[in-house]
Each structure stands twice: as structure tokens, then as C-alpha cells.
């Protein structure tokens with residue numbers, strides 16, 4: 001299991017390095033989710049409320065977890081925002097395991113995006 005975590009950490013650091021090159025600063029997990037949410041929705045405003053940021057991060061989590069069948073896209077609303085349906089429960093794990101689970105899906109997402 002240590003090897004898997006080491007591999008995950010190495011892959012995460014590589015993604016962080018690519019994002020630093022592109023944006024000029026190292027993103028944390030929330031910033032990466034925010035970026036994915038903006039990419040998936042096309043939502044670009046100079047002022048974003050805390051609620052909008054949370055919504056964008058929710059879109060990101062659902063989007064990356066669609067890759068493993070935890071969610072599916074249900075519809076886009078009249079504003080173009082995606083809405084998802086949960087298909088199965090998340091694994092019951094600790095906080096570190098949940099973060100690693102999410103990181104692994106984020107890495108898969110970026111890999112499929114060619115990044």
C-alpha cells in the first residue's frame with residue numbers, strides 16, 4: 001500500500017508542477033477542484049461568491065467521480081450548470097484516504113484531458 005501512496009504523491013506533485021507552470025503558483029486541493037469546476041461550467045466572473053465557489057467545487061467533485069461511476073450527469077439547468085445523480089455511496093474511509101481517493105480521480109481527469 002505504501003507504494004501506491006508514494007506513486008499517488010509523485011503523480012500529484014507532477015500535476016502541481018504543471019499547474020505552477022501554467023498559473024504561477026502552487027494550488028491546493030480546493031484550488032484544483034475550483035479550476036476543474038470553472039473548466040466544466042465555463043463560469044468565469046471577476047467576482048465569485050463563496051457559494052458560487054462551493055458550487056464550482058461540487059461540480060468538480062461530481063465530475064471527477066463520474067469517472068468511476070459514483071455519479072452521472074443528470075442534466076444541465078437553464079443557466080447551463082450541470083446537475084448530477086449519485087449512483088453509489090462513497091467508500092467509508094478516513095480523511096486522508098478520502099483525500100487520496102479524490103486526488104487519484106483528479107489525476108485521472110487531468111490525464112484524460114491531456115494535461
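The values are calculated or read from the model by the stated rules, or taken from the named source; none is laboratory data. Note that this is a predicted model, so its numbers are computed, not measured. In this analysis, Cβ positions are derived from the backbone assuming ideal geometry, glycine residues included, and neighbour counts consider all displayed protein chains.
Within the set 89, 79, the sole residue that is surrounded by fewer than 18 Cβ atoms within 10 Å (Cβ to Cβ) and within 14 Å of residue 40 (Cβ to Cβ) turns out to be 79. Condition check for residue 97 on (1) in contact with a helix residue (DSSP H, G or I) (Cβ under 9 Å, 6 or more places away or on another chain); (2) surrounded by fewer than 16 Cβ atoms within 10 Å (Cβ to Cβ); (3) not in a loop (DSSP other than H, G, I, E, B): one failure, at (1).
Taken across the stretch 65-82, residues that are part of a helix (DSSP H, G or I) and modelled with pLDDT of 90 or more do occur, with at least one present. Pairing each residue of the stretch 83-105 that is touching a residue at least 40 places away in the same chain (Cβ under 8 Å) and at negative phi with any residue that is surrounded by 12 or more Cβ atoms within 10 Å (Cβ to Cβ) and in a loop (DSSP other than H, G, I, E, B), provided the two are 6+ apart or on different chains, yields C-beta distances under 7 Å for 105/67; 105/68.
In the stretch 1-37, the residue that is surrounded by the most Cβ atoms within 10 Å (Cβ to Cβ) out of those that are in contact with a helix residue (DSSP H, G or I) (Cβ under 6 Å, 6 or more places away or on another chain) and without any contact (Cβ under 8 Å) to a residue 40 or more places away in the chain is 37.
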